[in-house]
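What follows is a short report on a single structure.
Read-outs throughout are calculated quantities, based only on the coordinates presented, and are distinct from any laboratory measurement. Owing to the predicted nature of the structure, the values given are computational and were not obtained by experimental measurement. As a convention, Cβ positions derive from the backbone with ideal geometry for all residues, glycine included, and neighbour counts pool all protein chains shown.
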Amino acid sequence: MSARKDIIKREEGTERVHHIPTAAPLVDIYENDEEILLYADMPGVVKDGIRVNIDNGKLALSGERKLVANGAANWEEFGDVEYSRIFSVPQAIDVNRVNAELKDGVLHLHLPKSEAAKPRQIEIKAG
């Protein structure tokens, strides 16, 4: 029992430094004729904590999960985390129509293709 007291006992006046770890969110990426769909797993991140930026062919996703402690922590394995990941995206993406939604801790990002990038059937005319 005394060993447990030694583990949780803190010296008075010591300052506890808390570094937020960075993690790359797991993603699934799908492509169809109309758009590229990206699903990023960011559990615990709220909508206002997510940033999506597309600039110069780069898609940057980031989000921060902040947990509120309800008492003194004796042991912590699950805490705050900063999610961050960068992707290259084709220039054929119509950035004005990009749409994002957060559902059940998963960011759904719809990257529509521009009309010029969509496949089209070429009609052959008889001569």
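Relative to the Cα centre, what is the charge dipole magnitude of the stretch 32-76, using +1 at the beta carbon of each Lys and Arg, -1 at the beta carbon of each Asp and Glu, and rounding to the nearest 20 debye?
Dipole magnitude for the stretch 32-76 comes out near 320 debye.
Give the calculated FRET efficiency between residue 22 and residue 89 to the nearest 0.05, with a Förster radius of 22 Å applied to their Cβ-Cβ distance.
Once the sixth-power term is evaluated, E becomes 0.55.
What does the extension gain come out to for residue 116 and residue 55, with contour length at 0.36 nm per residue minus their alpha carbon separation?
Here the answer is 20.0 nm.
How far is the Cα center of the stretch 101-125 from the Cα center of the stretch 46-72, in Å?
25 Å
Show the residues, 5+ positions off or on another chain, whose built amide H is closer than 5 Å to the amide H of residue 23.
Under 5 Å from the amide H of residue 23 lie the amide H atoms of 82, 83, 84, each far enough along the sequence or on another chain.
Which number comes out as Rg/Rh for the stretch 18-115 once both Rg and the Kirkwood Rh are worked out on C-alpha atoms?
My calculation of the ratio gives 1.06.
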